[in-house]
């Protein structure tokens with residue numbers, strides 16, 4: 001079977017290893033990693049898997065794939081590619097679709113005070129995160145979660161279902177339509193990373209935790225870095 005993996009980060013690395021163990025002919029589209037992100041490029045080199053750093057499109061495919069998997073791929077896949085695989089193309093999205101389409105899904109869910117988050121495997125179509133749902137699971141959002149551990153917790157649970165979802169797609173499972181529009185968030189740091197002192201206390205606490213994902217920037221308050229709620233109170237009261 002000819003498989004294309006569009007991936008990044010440790011979840012992309014894990015998906016590649018699963019596909020290799022199934023003895024598929026795999027080609028990978030990915031991008032360069034920062035030093036703190038598990039490197040899918042290096043894994044391809046280590047496993048002798050062909051890859052490209054170019055954005056996937058219908059003109060640069062190495063072969064006609066039977067299926068395309070998108071696991072943390074940062075680019076939108078165009079309609080030309082989708083049509084070539086008879087819609088056997090799916091994505092892993094870290095939210096309970098139809099809510100929290102777009103970017104920073106878990107971060108926004110934390111900020112907004114959700115009690116549950118989760119992940120969704122869905123078919124890719126011409127609309128962002130709007131394809132039929134293949135598999136979805138809810139995960140409790142704890143009041144001690146930080147962005148960094150929540151992301152890893154959700155993606156760990158999600159990758160456990162990768163093979164199940166892959167087999168569903170190959171078998172022709174059409175999935176469940178998304179029956180409402182839901183919330184969508186564009187790319188960019190929520191609120192530009194800045195605490196608004198007019199927010200209630202609980203939202204400020206959630207925002208601070210939602211911005212903790214080292215070495216990315218922490219929450220800011222009037223130009224000062226904030227690591228926890230106590231620091232915010234101390235700095236606010238000094239001004």
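Take the Cβ-Cβ distance between residue 55 and residue 236 as r, set R0 to 30 Å, and report the resulting FRET efficiency rounded to the nearest 0.05.
Working from the Cβ atoms, E equals 0.10.
Would segment 22-63 count as rounded, prolate or oblate if I go by the C-alpha gyration tensor, calling it rounded below 1.5 in a/c and otherwise prolate when a/b exceeds b/c, oblate otherwise? It would help to have the intermediate numbers written out before the result.
Details: a/c = 2.82, a/b = 1.26, b/c = 2.25.
Oblate.
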- prompt: So how much slack lies between residue 1 and residue 144, counting 0.36 nm per residue of separation and subtracting their Cα-Cα distance, in nm?
  reply: 47.1 nm
statement: Across the alpha-carbon set of segment 140-208, Rg over Rh with Rh taken as the Kirkwood radius works out to 1.10
- prompt: So what is the calculated 222 nm ellipticity per residue for the chain, using -39500 (n - 2.57) for each DSSP H run with n of 4 or more, over all residues, to the nearest 500 deg cm²/dmol?
  reply: -9500 deg cm²/dmol
- line: In a Gaussian network model of the chain with springs linking alpha carbons closer than 10 Å, the residue among 136, 34, 42 that fluctuates most is 34
- prompt: Between residue 191 and residue 173, 0.36 nm times their residue separation minus their Cα-Cα distance comes to what?
  reply: 2.5 nm
task: Round to the nearest 0.05 the FRET efficiency obtained for residue 87 and residue 116 when R0 = 30 Å and r is the Cβ-Cβ distance.
output: 0.55
statement: The extension gain from residue 156 to residue 224, computed as 0.36 nm times the residue separation minus the Cα-Cα distance, is 21.2 nm
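Every read-out reported here was derived from the displayed coordinates using simple, explicitly stated rules and does not represent laboratory data. Keep in mind the model is a prediction, meaning the values are calculated, not measured. Heads up, the Cβs are rebuilt from the backbone with ideal geometry, glycines too, and the neighbour counts pull from every protein chain shown.
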